[in-house]
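Asks: The following block contains the structure, expressed as structure tokens.
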Amino acid sequence: MCHEGDPATHLYVLVTGWVKILSVTADGQERVLALRGNGDVVGELSGEMTGHRTATLQAIDPVHALIVGYERFTSFLEANPGAARAYRHVMTQRWGDAAGLLRRHPLTSGAQRLAALLLELAGRHGTATGDTIDVAMPLSQEELASLAGTSRATVARAFKNWRDRGFVRTGQKHIIIIDLGALRKIAGPQA
């Protein structure tokens, strides 16, 4: 995702590939905040903010994206009320998802949050094949743990448990969900 000019004056529409949205904590730890892929818009808040950035994005694999100037994007939204409503809906959903995650975090286990994350990824980026859902997974276990708000050890234990019980199969850069209902039960009512 190379381009010229100030990145704060652009947003990106991901055509192919994955990016992670991340932040660095005060003690220097990288925290994965979100995963975005095909069709997602990223960098949309940068045109509204000045000064210190709260997050950055990093390509996980080769990315092809449409680069849209922030001013051009806002002009488009002003001229197209339907697109503006759809955009506000997506942004409101993202903020609601983030708020829900923060509310649920102290009330759920790491395995529950991981199950909920897998269900979200399956819904947004999974490919159904018969009774299974294949989810492209460009994140390491460490990054999945960060995104789910748990430890890598918890992710490894959960995946082993779920593989042994026939709920999932894991492979290089993908997870196959075999028993969606079981993951929903693990995630609990918050999913």
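Asks: List pairs: first residue in segment 162-191 and more than 19 Å from S109 (Cα to Cα), second residue exposed (fewer than 14 other Cβ atoms within 10 Å of the Cβ) and not charged (D, E, K, R) anywhere in the structure, Cβ distance under 7 angstrom, at least six positions apart or on different chains.
Replies: I178/G166; D179/G166
Asks: Yes or no: A86 at pLDDT 85 or above, outside any strand (DSSP E or B) and in contact with a helix residue (DSSP H, G or I) (Cβ under 6 Å, 6 or more places away or on another chain)?
Replies: Here the answer is no, as A86 does not meet what is asked.
Asks: What are the residues in segment 134-143 that are without any contact (Cβ under 8 Å) to a residue 60 or more places away in the chain and in contact with a helix residue (DSSP H, G or I) (Cβ under 8 Å, 6 or more places away or on another chain), if any?
Replies: Once the filter is applied, which keeps residues that are without any contact (Cβ under 8 Å) to a residue 60 or more places away in the chain and in contact with a helix residue (DSSP H, G or I) (Cβ under 8 Å, 6 or more places away or on another chain), segment 134-143 yields V135, M137, Q141, E142.
Asks: Looking at L66, L14, L77, which one is more than 14 Å from the chain's Cα centre (by Cα), part of a strand (DSSP E or B), at pLDDT 85 or above and outside the structural domain of L144 (by TED's automatic domain parsing)?
Replies: None of the others qualify; the one that does is L66.
The values are calculated or read from the model by the stated rules, or taken from the named source; none is laboratory data. Everything numeric in this text was worked out from a predicted model, so none of it was measured. All Cβ positions, even for glycine, are placed from backbone atoms using ideal geometry, and neighbour counts span all protein chains on display.
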